[in-house]
1. Could you compute the FRET efficiency for T116 and N245, with r as their C-beta to C-beta distance and R0 at 30 Å, rounded to 0.05?
2. Looking at segment 193-268, which GluC sites (Glu not before Pro) are in a loop (DSSP not H, G, I, E or B) and have at most 16 other Cβ atoms within 10 Å?
3. Roughly speaking, what is the stretch gain from E158 to Q284, that is 0.36 nm per residue apart minus the C-alpha to C-alpha distance, in nm to one decimal?
4. Set the Förster distance to 35 Å, then compute FRET efficiency between T206 and K266 from the Cβ-Cβ distance, nearest 0.05.
5. Please label the shape of segment 124-208 as rounded, prolate or oblate, based on the square roots a ≥ b ≥ c of the eigenvalues of the alpha-carbon gyration tensor (a/c under 1.5 means rounded; beyond that, a/b larger than b/c means prolate, else oblate).
6. Measure nothing fancy, just the Cα-based angle from helix 49-62's long axis to the longest principal axis of the chain, in degrees from 0 to 90, nearest 10.
7. Rank S51, S135, S95 by mean-square fluctuation in a GNM of the chain with C-alpha springs under 10 angstrom and give only the top-ranked residue.
8. Put +1 on the Cβ of each Lys and Arg and -1 on the Cβ of each Asp and Glu in segment 18-156; which of L140, G126, P112 then has its Cα farthest toward the positive end of the dipole?
Amino acid sequence: MIERPRVRGAGPERVPVPPERIDREAIELSLLLEGVYRQYGFDFREYASASLKRRVWRRVHAEGLTTIAGLIERVLHDPEVMERLLLDLSINVTSMFRDPSFYVAFRRRVAPMLHTYPFTRIWVAGCSTGEEVYSLAILLTEEGLYDRTRIYATDINEVVLERARAGVFPLDKMREYTDNYIRAGGRRSFSEYYLARYEGALFERTLTENVVWAPHNLVQDSAFNTFNVILCRNVMIYFDRSLQNRVHHLFLDSLERLGVLALGHKETIHFTDVQDHYEELDAQERLYRRVR
Ligand SMILES: C[S@@+](CC[C@H](N)C(=O)[O-])C[C@H]1O[C@@H](n2cnc3c(N)ncnc32)[C@H](O)[C@@H]1O
């Protein structure tokens with residue numbers, strides 16, 4: 001007879017969880033992910049489990065259900081439920097000039113390198129609704145680099161890519177974004193880049209003239225080009241370690257020698273087996289240069 005813990009976690013505030021519920025949750029979760037993968041082709045099986053569980057439960061309750069098993073049934077029979085689950089699982093939170101110090105470091109350490117190339121290709125992997133791409137396009141414009149750059153902006157989720165293409169962001173965010181822009185070293189007035197309309201702030205079309213938006217799944221799809229810069233921020237934090245490692249191999253295959261991998265302060269290459277291929281350009285903002 002196997003002894004099972006009676007409570008999940010520790011501490012007096014924790015609610016005792018019946019042992020059979022603990023096992024069932026894990027089984028149901030893995031069945032859900034397996035079903036999602038086999039029916040719709042999205043592979044979330046190696047995403048970090050704590051955040052995944054939270055998000056699945058949120059969808060269970062939002063659909064008026066009480067179990068993950070109930071959600072399996074709905075997801076497998078109704079593609080619209082899958083679409084809503086995908087939005088939950090893919091976590092699309094983003095903002096313009098998010099973590100402004102990243103852009104300061106990019107201007108300082110990466111832009112001068114890009115000036116030495118006649119043309120550059122940049123991949124923004126996991127671009128969500130595009131705020132990061134518009135921010136980068138603004139930075140490159142101000143650095144006199146945009147005209148000789150092509151940005152490939154990809155995401156697993158086609159719904160967010162559609163929003164990114166439209167280039168309309170909530171007006172009530174403009175104050176926060178203006179503040180971020182200034183802290184990111186912006187050189188103009190932020191309002192020069194958009195037109196305020198009733199439906200939102202419509203960003204300059206020129207900012208996306210050199211952008212290719214495309215679906216790409218970092219877990220399942222292979223390399224599709226080689227790049228001078230790859231930006232992938234706030235995406236791999238949701239992956240478990242072995243998946244992060246695999247995605248780092250994909251980036252290595254996709255990065256030119258002396259190209260830059262820009263991860264932002266939440267991610268690192270330290271525990272991966274590609275780390276010897278890189279030297280650090282900026283420890284705080286996790287900018288790495290491929291040296292071998
Ligand atoms: C939190 S957002 C980050 C957006 C932006 N990079 C930023 O830092 O603000 C994470 C994005 O990664 C995308 N994503 C998650 N799993 C992915 C995968 N396997 N392949 C490609 N994109 C993925 C999600 O759809 C989401 O838009």
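The values are calculated or read from the model by the stated rules, or taken from the named source; none is laboratory data. Source: prediction; values computed, not measured. Cβ: placed from backbone, ideal geometry, glycine included. Neighbour counts: every protein chain shown. Ligands, DNA and RNA are excluded from the accessible area calculation, which covers all protein heavy atoms including side chains. Shrake-Rupley method; radii C 1.70, N 1.55, O 1.52, S 1.80 Å.
1. Numbers: r = 31 Å, r/R0 = 1.04.
Here the calculated transfer efficiency is 0.45.
2. On the way: sites: E199, E204, E209, E256, E267; in loops: E199, E204, E209, E267.
Hits after loop and neighbour filter: E199, E204, E209.
3. Numbers: separation 126, 0.36 × 126 = 45.36 nm, distance 3.17 nm.
42.2 nm is the gain from fully extending E158 to Q284.
4. Numbers: r = 31 Å, r/R0 = 0.88.
Once rounded, the FRET efficiency stands at 0.70.
5. Oblate shape, in that a/c is at least 1.5 and b/c is the bigger or equal ratio.
6. Helix 49-62 sits at roughly 70 degrees to that axis.
7. Largest GNM mean-square fluctuation: S51.
8. Farthest along the dipole direction, towards plus: P112.
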